[in-house]
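All remarks here apply to the structure that follows.
Coordinate-derived values only; no laboratory data. Just so it is clear, the model here is predicted, and its values are computed rather than measured. Because the Cβ atoms are built from the backbone with ideal geometry, glycine has one as well, and the counts that use them run over all protein chains shown.
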Amino acid sequence: MRPRLGIYIHIPFCASKCSYCDFYSLSGCDHLMPEYQKALIEHIRESSHSIKSYEVDSIYFGGGTPSFYGADRLVQILDQLKLNGNVRLDGEISVECNPDSLSPAALKLLRQEGVNRISIGVQATDNNLLKLIGRRHSFQQAQKAFRDAREAGFDNISLDLMYGLPSQTRRDWADTLAKIVEMHPEHISCYGLKLEPGTRMYREYKDSPILPDDDEQADMYSYAVEMLERYGYKQYEISNFSAPGFESRHNLKYWNMDDYISFGPGAHSCVGNVRYSYIKDLREYISGVHRKVSIVDEYEEISPLERAVEYVMLGMRTARGISRYDYVTRTQCDWRPIGQVLEAFKEKGWVRQTEDRYAFTVPGFLISNTLIGIMLETQASGRIEGAPWIQDAEYAAKRVDLPKGEEELFAELYQQQKQKTEES
């Protein structure tokens, strides 16, 4: 049986740039779409010999805004991938969409041609917040896009949300989640706002008092985990929740260190022990493909030690966590130092254990960066004796304790929403 492979297609075009976005995407470059399409098809065709040795079980169109690029072009790319004859019939084929560039006709075409998962960027249910972060749609448009996707035959829909937005209160976030749950999507992603240098929001809101602080973001995150769990959405990764069986197979490839190949400017691939990325420049990417010159920006072979680091770093960000057996099998490294730290974390309530697997609890996820850093430091040194790591972890935990009264507030909001749902 051939090994499995995921394919990512980067669509770097947007109708406009969102205020918080630092991904490689461009607005006002629509005139380059036809040339990019030719280059992308050509690049995929040239790579067919590499893809043929695999079974493709996930294809993901990301961006940018693939829905803005046009369903006809996306279908043409999908057809080119299918020509290899190794795209599995039960594979997951996802397209990221924005409500303002999604039509019923486009959705029907995508569904007819084999796309079976749609990810809609909702971000917020408050129209003022949407305008503030530079989104082009209203929540009413997002609701319509969702209904249109259902009518087109999609039974696997993901909705993306953001929390920690300027002036957003905990009550606002609770209301957002309640409205999203009422729509009954199969998958929900919740991302905390992070101000990235170079973005408009970074310039306007860096150190602003109207931004929720770390504690408030932690509150929002904790509430999302608890509330979504009650409504049947299981957390399978630090920011992602799904109904049973609807985890994003493509996203899990990244976290599970499975093989994936990507196409497009700035896109990253990881196959076996090799990782590489393409130049982050649209025009250079197009030119390089047509002139058949190298468009690789970075290339590296991954050592066993780097594999061990990545296994811990990625695995501990999933609800499944890491296991002694997988760690030793994948990395050929000594488990004992990592195991000792995980046992100490378990005593503190930051980690839970199921058989030989260790995963973060909700309090652990809140300070996951600190805890993973401790694990990596221990992994590198091979010992924990005499290390002052426990004080660092406890300090991080204290910083995200829920302020008094917040648990009661969220419980009250939850009960109100539950009663409202039962009455309707």
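Nearest-5 percent of antiparallel DSSP beta bridges in the chain? Spell out each step's value before the answer.
Values: 23 of 57 bridges.
Taking every DSSP beta bridge with both residues in the chain, the antiparallel ones total about 40 percent.
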From the square roots a ≥ b ≥ c of the eigenvalues of the alpha-carbon gyration tensor of region 208-343, which class results: rounded (a/c under 1.5), prolate (a/b over b/c), or oblate? oblate
Is the shape of region 305-387 rounded, prolate or oblate, going by the alpha carbon gyration tensor and its root eigenvalues a ≥ b ≥ c, with a/c under 1.5 for rounded and a/b larger than b/c for prolate? rounded
Every cysteine in the chain with no other Cys Cβ under 4.7 Å from its Cβ, please list them in numeric order. CYS14, CYS29, CYS97, CYS190, CYS270, CYS333
What pairs from LYS206/LYS253; LYS82/LYS253; LYS52/LYS292 go past 29 Å between their alpha carbons? LYS206/LYS253
Greater than 32 Å apart at Cα, pairs in LYS38/LYS234; LYS108/LYS194; LYS17/LYS38; LYS194/LYS348; LYS194/LYS234: LYS38/LYS234; LYS108/LYS194
In deg cm²/dmol, rounded to 500, what helix-only [θ] at 222 nm does the chain give when every DSSP H run of at least 4 residues adds -39500 (n - 2.57) and the total is split over its residues? -14000 deg cm²/dmol
